[in-house]
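Here's the structure, in structure tokens; my notes come after.
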Amino acid sequence: MKPIEKILKKKKYIKIKLNRIATNHLELKAIINGVKGRFILDTGASNSCVGLDLIDYFNLDAEESE
């Protein structure tokens, strides 16, 4: 195991499989508040986003922003 993997494992990080999809984006499967979902990974994003139509589905506390 590489040193960085040991450090991350100690800090309880886990590996997540990334899949390249037809649009050349990276997709991952994750669980939010106990609900499974498929998400696009945007490494350049300054925030994480979930569609407004899925707030109730993922049991999120949401606030409007400007």
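The values are calculated or read from the model by the stated rules, or taken from the named source; none is laboratory data. Quick caveat: nothing in here was measured; it's all calculated off a predicted structure. To get the accessible areas, we keep the full protein, side chains included, count just its heavy atoms, and leave off ligands, DNA and RNA. Shrake-Rupley method; radii C 1.70, N 1.55, O 1.52, S 1.80 Å.
What the table shows:
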| quantity | calculated |
| --- | --- |
| Integer Hz, Karplus 6.51/-1.76/1.60 couplings in order for segment 15-28, x for Gly and Pro | 7, 10, 6, 10, 10, 7, 9, 4, 7, 6, 8, 9, 10, 9 |
| By accessible area with a 1.4 Å probe, ligands and nucleic acids excluded, highest first: order of D42, D53 | D53, D42 |
| Estimated [θ] at 222 nm from DSSP helical runs (n ≥ 4, -39500 (n - 2.57)) normalised by residues in the chain, nearest 500 | -3000 deg cm²/dmol |
| Reachable aspartates and glutamates from K29, criterion Cα separation under 20 angstrom, eight or more residues apart if same chain | D42, D53, D56 |
